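What follows is a single structure, written as structure tokens, with notes after it.
The values are calculated or read from the model by the stated rules, or taken from the named source; none is laboratory data. As the structure is a computational prediction, the values presented were derived from the model and not from experiment. Please note: Cβ atoms are built from the backbone with ideal geometry, for glycine as well, and neighbour counts cover all protein chains shown.
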Amino acid sequence: MLFEKDEKLKDVLRELADIKFALDQSSIVAITDHRGKILEVNEQFCKISQYDREELLGQDHRIVNSDYHSSDFFRDMWATIATGNIWRGEVKNKAKDGSFYWVDTTIVPFLDDDGRPYQYISLRNEITDRKRMEQELRRNEEKYRLITENSSDLISIIDGEANFQYVSPTHTIHLGHRLTELESGNLLQWVHPEDREIVSHGIQQMSVTKMMSSQLEFRVQKKSGNYIDVEARVSSILNETGYVLSFVLVMRDITDRKQSEQKIYHLAYHDTLTQLPNRRLFMDRIRKEVRYAKQFQSQLAIIFLDVDRFKQINDSWGHESGDLVLTEVGKRIKQSIRSNDLLARMGGDEFTVMLTNITDMKEAEQVAKRILDSFQKPIKIGKKKHTITCSLGISFFPSDGKSAEELIKRADMALYAVKDQGRNGYLFFDSEMEQRSLERILLEYELKKAIELEQFYMDYQPKVDLSTGCLVGMEALVRWKHPELGRIAPNKFIPVAEDTGLIVPLGEWIMRRGCEQAVEWQRAGYPPVKLSINLSVRQLFEPDLLPQIKAVLKDTGLEPQWLEFEVTESVFADLEDASIILQQIRALGIHISMDDFGTGYSSFSYLQHLPIDTLKIDPSFVRDIHLKKESQAIVKGILSIAETLNLNVIAEGIETIEQLTVLSEDGCSQGQGYLFSRPLSSQQFENYLQQMQCNKTNS
């Protein structure tokens, strides 16, 4: 059995190698990162573009831009692929020697765990001759007939009702039908029933809107009864008054390409060992199901499962045997769940199951018991039988979490609680599981007291204009000085505050104290400076946030234009709700800044619709910007996006002159970091304000 599995794996690898070879021989292939920078090209790309591979790598596709297409054309393309959708179209490119060529292009985005594209693969086929032919068709119908009768494409003319008026001989070659049989019929009778509405609607739209051309994809039946996938370029033939007389169809068999696309998609969204959906596909599905459950107030459950002591299995039996175990585990779980449930392999020996439309905990419990029972039967590897066990953790929406990440995290907590109790069982998530360590419990207790006793104080870090060094803003940073434990780092107590909900009263205190201090400095005669305050996800979705903000502004007397809230990209996991709330905040005159940009959920397509004013470049990109071209390229990309969307940009974490120099050269205008100043106490910041006034006076 092990030998058979090994041979099957080899067959899969050979098949993938064959697919790659076929693509390299027949198609122009390029792989780019999420910004469009070329990472890999095949020989066909180099041949048609006349560039060497070294000349192409690191560039973007503007190197072959012919200036033929409008900016809207590329904007629509990027809008499509940036949202994770496949884009198809015809593109006119320019070779190194200045000559032009056309390519039929398909761009497939590969998505990360957060549903954001991290790279793209483009498959192209040269269609220069076909494009020339289409132009010739419009000039001379007689020449058109000569060309179409000798073309490998399926060329026809149809009327507004899709009745054939002319059919090229190649239809007989590719489809097997007699020409007389086709010419006396209707296009739709040969189109797959599921695709007829698409084709019919496309033709009607061209008639009504008088579009000159359109592109459709559908399936056409052969004489044998089988279907082939075709890509059809539909062009209108107009009379002198602009009335649509008929349509020219240039159809090309793309069955092989569609099969390649399906295999690429399968590889991107499925585990190669078990053929189950992978983490990427599971996260995409669970996010959609959570949105659905919110809308229709339904329930769903997540089961997080792993094989007990799997490391020992690998170490004792070998990794090949371990792979066979994982394959068998996947089969057994699949047989234990309902037909509408989703099973995925998350990685290693971890599997997840999503149960949708459940009514109570009993349904999930029944599935969990069936899975455990399926492990009772020993697994046969070679001539030996082995008994294995598994542990399961279960979480529910909406009681255990309102996002995909929360549900998986809490199912994982329940799983490890099972392991703590001896493995081979299941547990439902309980809030107490999040309070595992004594340190955390103590910290939570002391945090509650600290809020009541106001053991916190504020530091302020300047934000400066990189070209002048002038102060343009300040970020309010909360600090905790415990009377016995001393200073407690923010990265220790802030996560606890967010998990427990204590961030809500703490956040209100920070907002109020920061606004009071800003007004005090204004009344002392210092020029107004914008105050930035961090707003957590928990705070943002509090129902009384807006009244709270209005009350603080009214009580302190701070004008809204001098207040800015910084939110992290994680708030946009729930994009629609977050956008509505932030828009309401902006309506008050308050600015919104996206903190740690580039590390979370955002993409170019999202940014166009987000109510934000400023992007803060994450320190991880600034840290090595003077050393790594990749970091500099990311920062340049952010600056370019911001300029396009008319957004302000501030770089965070500037610590050296070298970093400052590169940022300034790249066009970044504002910054924050230890190079200018560490976070300062209120008194220190007031001294800083005095110094800035003196410098301004002396200059």
Checklist outcome for this item: Log entry, pairs with first residue in the stretch 217-237 being within 12 Å of residue 174 (Cα to Cα) and without any contact (Cβ under 8 Å) to a residue 40 or more places away in the chain, second being of a type in the set (Val, Ile, Thr) and in a loop (DSSP other than H, G, I, E, B), beta carbons closer than 8 Å, six or more apart or on different chains, reads 229/254
Checklist outcome for this item: In the stretch 144-166, residues that are modelled with pLDDT under 85 and over 42 Å from the mean Cα position of the chain (by Cα) total 7
Item to check | Subset of the stretch 615-653 that is out of contact with any helix residue (DSSP H, G or I) (no Cβ under 6 Å at 6 or more places or on another chain) and basic (Lys, Arg) - its residue that is nearest to residue 672 (Cα to Cα) | outcome: 616
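Residues are listed down the side, and each one gets a yes or a no for (1) farther than 30 Å from residue 665 by Cβ; (2) at pLDDT 95 or above:
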residue: 447; (1), (2): yes, no
residue: 450; (1), (2): yes, no
residue: 455; (1), (2): yes, no
residue: 465; (1), (2): no, no
residue: 468; (1), (2): no, no
residue: 486; (1), (2): yes, no
residue: 504; (1), (2): yes, no
residue: 507; (1), (2): yes, no
residue: 519; (1), (2): yes, yes
Checklist entry - In the set 78, 102, which member is assigned to a helix (DSSP H, G or I), farther than 30 Å from residue 223 by Cβ, modelled with pLDDT of 90 or more and not charged (D, E, K, R)? => result 78
Checklist outcome for this item: If we take the stretch 445-562, then strands (runs of 3 or more DSSP E) inside it with 3 or more residues that are in contact with a Phe, Trp or Tyr (Cβ under 9 Å, 6 or more places away or on another chain) are 456-465, 471-482, 530-534
Checklist entry - What number of residues within the stretch 111-130 satisfy the criterion of being in a strand (DSSP E or B) and of a type in the set (Asp, Glu)? => result 1
Next on the checklist: Being assigned to a helix (DSSP H, G or I) and in contact with a helix residue (DSSP H, G or I) (Cβ under 6 Å, 6 or more places away or on another chain) is the requirement here; does residue 196 meet it?
Outcome noted: yes
Item to check | Residue ranges of helices (runs of 4 or more DSSP H) in the stretch 586-662 with at least 3 members at pLDDT below 90 and among the β-branched types (Val, Ile, Thr) | outcome: 629-644
